[in-house]
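The values are calculated or read from the model by the stated rules, or taken from the named source; none is laboratory data. These numbers were taken from a predicted model, which means no experiment stands behind them. Neighbour counts are summed over all protein chains in view; Cβ atoms, including those assigned to glycine, are modelled from backbone coordinates with ideal geometry. Ligands, DNA and RNA are excluded from the accessible area calculation, which covers all protein heavy atoms including side chains. Shrake-Rupley method; radii C 1.70, N 1.55, O 1.52, S 1.80 Å.
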Amino acid sequence: MKKWYLLVVLLLLSALALAACGGNNTTPEPEANEVGVEEPVEEPVEEPVEEPVEEPTEEPMEEPTEEPAAEEPAAEEPTEEPEAGAPEDILVIWADETRSGVLQALGEEFEAEYGVGIQVEQYGFGDIRDQFKVAGPAGEGPDIIIGAHDWLGELVINGLLAPIDLGEKEELFLEPAVQAFVYEGELYGMPYAMENVAFVYNPEILAEGGYDAPPTTWEEVMAVAADLEEQGLVEQGFIRQEGDPYHYFPIMTAFGGYVFGLTEEGYDATDVGIDSEGALAAANWLGQMVDEGHLSPGVDYDVMHETFENGNAAMMITGPWALPRIRESGIPYAVTTIPGATQDAQPFLGVQGFMVSAFSENQVLAHAFLTEFVATEEVMQAIYDSDPRPSAFLPVFEAIEDEDIAGFAAAGENGLPMPAIPEMSAVWTAWENAVILVTQGAEEPEPAFTTAAEQIRTTIEEGAPEGG
């Protein structure tokens with residue numbers, strides 16, 4: 001029994017020993033599991049916080065920031081494309097039908113050479129000024145306009161034009177043409193052409209009447225006209241429009257008359273010369289021509305030209321714009337200076353040129369276009385060829401081969417720039433009425449012109465309307 005008991009006890013102790021050994025192997029695992037529960041709580045908290053938070057935070061923050069910076073050209077493309085037509089890269093020029101074609105062609109050359117586009121917009125010559133007055137201040141106008149110098153008064157006073165500096169190029173232009181664009185001491189235009197009237201006559205009719213050369217004074221014009229009419233060679237020896245003070249002006253200046261006194265500062269609107277001694281002497285000559293039947297009333301521009309082109313008139317005053325129709329008629333003609341009287345005749349000098357808008361965002365570029373590209377012999381010659389008028393650019397002016405254009409140029413060498421002051425708008429109507437009254441024989445010359453001068457002075461004192 002004891003042995004059996006001892007055997008049982010030993011078996012129990014062995015089992016306990018075995019259990020103790022197995023418990024030592026299994027007990028650390030739960031302890032490790034407890035540590036594993038605590039450590040995984042720390043590790044997942046640390047690792048996800050460090051790795052997932054840092055990686056997404058660094059990559060999304062850095063890469064999107066770097067990529068747009070690296071792809072800036074792609075972001076600028078939409079900005080650059082509109083700038084091809086933006087103020088920095090294009091010049092807008094307003095021109096009339098005659099000049100727009102040649103400017104467009106020149107624009108292509110300018111763009112090829114300078115990388116700047118030229119956009120030429122066509123307007124009627126007389127519409128350019130009116131449209132510019134509205135569009136310029138609204139920021140919708142051109143950078144450059146083509147126009148006449150006598151627009152200056154209105155445009156400058158209203159702040160529409162920017163001064164121009166021709167620099168060394170100024171010496172390449174005819175001085176009277178440059179001076180025409182000077183207003184109150186500032187230059188506001190770069191001239192390209194001049195125009196003025198001249199004396200046009202039929203050399204064959206004069207030769208048939210016994211005259212080898214045209215008359216050089218208005219006294220001689222009256223005598224030659226009377227002789228040709230008496231011989232039955234023409235209906236009118238000398239023909240002119242009924243009114244039109246523009247064409248009448250050189251007759252008036254030949255006798256010493258004037259519109260406004262001229263000083264070093266420009267025209268003086270307080271000195272009205274429509275009733276000056278010379279102006280009244282010219283009016284008396286006009287009245288005598290009418291009284292003796294050498295001038296007829298009711299003659300307008302077209303009738304004057306038709307009569308001359310039909311060979312029914314021998315002499316007239318007209319401008320270079322009339323050359324195409326005269327040439328087409330086939331009538332013999334020649335162009336020369338206008339007859340004088342007490343002094344040489346001085347026709348109005350009209351100068352056309354380029355003017356820069358005061359509202360242009362491209363004034364520097366516009367000046368560069370004018371002085372570096374347009375003010376060259378090649379370009380000025382192209383402008384001349386497009387519409388032959390005496391060029392304001394000396395190299396082209398001196399190389400004129402057309403005898404007719406040379407004749408007009410000679411007639412305008414001592415011309416007077418048409419007054420660009422606003423007060424000129426007060427002159428035209430009253431002055432023209434005086435010429436018409438005398439031509440129609442409705443009023444004596446001196447009273448007609450004296451009344452006109454008084455009306456002009458009154459209108460100026462009351463405030464002459466802008467324009468002209």
Report the Stokes-Einstein translational diffusion coefficient (µm² s⁻¹, integer) for the range 158-211, Rh taken as the Kirkwood radius over Cα pairs, at 25 °C with viscosity 0.890 mPa s.
171 µm²/s
Of Ile383, Gln440, Gly350, which is farthest on the positive side of the dipole of the range 312-468, counting Cα position, with +1 on Lys and Arg Cβ, -1 on Asp and Glu Cβ, and the Cα centre as origin?
Gln440
Would you kindly derive the ³J(HN,Hα) couplings of the range 178-190 from the backbone phi angles with the Karplus curve 6.51 cos²θ - 1.76 cosθ + 1.60 (θ = phi - 60°), listing them in order in whole Hz, with x for Gly and Pro?
5, 4, 4, 9, 8, 10, 6, x, 10, 8, 10, x, 10
Let's test the formula: R0 of 41 Å, r as the Cβ-Cβ distance of Thr376 and Ala213. What FRET efficiency results, to the nearest 0.05?
0.55
Quick check on the range 285-347: take the gyration tensor over C-alpha atoms, sort the square-rooted eigenvalues as a ≥ b ≥ c, and tell me if it's rounded (a/c under 1.5), prolate or oblate.
oblate
Inter-label distance for Thr270 and Glu444, nm, one decimal - labels placed 7 Å from Cα along Cα-to-Cβ:
3.2 nm
Would you pull out the residues with amide H under 5 Å of Ile164's amide H, same chain only if 5 or more places away, H placed 1.01 Å from N?
Leu187, Tyr188, Gly189
Solvent accessible area, Å² - Arg240, 1.4 Å probe, full protein context
10 Å²
So for Asp227, Asp96, Asp300, what's the accessible-area order with a 1.4 Å probe, most first?
Asp300, Asp227, Asp96
Which of rounded, prolate, oblate describes the range 334-468, given a ≥ b ≥ c as roots of the alpha-carbon gyration tensor eigenvalues and a/c under 1.5 marking rounded, otherwise prolate only if a/b is larger than b/c?
oblate
Between Asp344 and Trp321, what length comes free when the chain is fully extended (0.36 nm per residue of separation minus the Cα-Cα distance, one decimal in nm)?
6.0 nm
Using θ = phi - 60° and the Karplus relation 6.51 cos²θ - 1.76 cosθ + 1.60, list the HN-Hα couplings for the range 143-158 in order, rounded to whole Hz, with x at every Gly or Pro.
7, 9, 10, 9, x, 9, 5, 6, 7, 3, x, 5, 5, 5, 4, 8
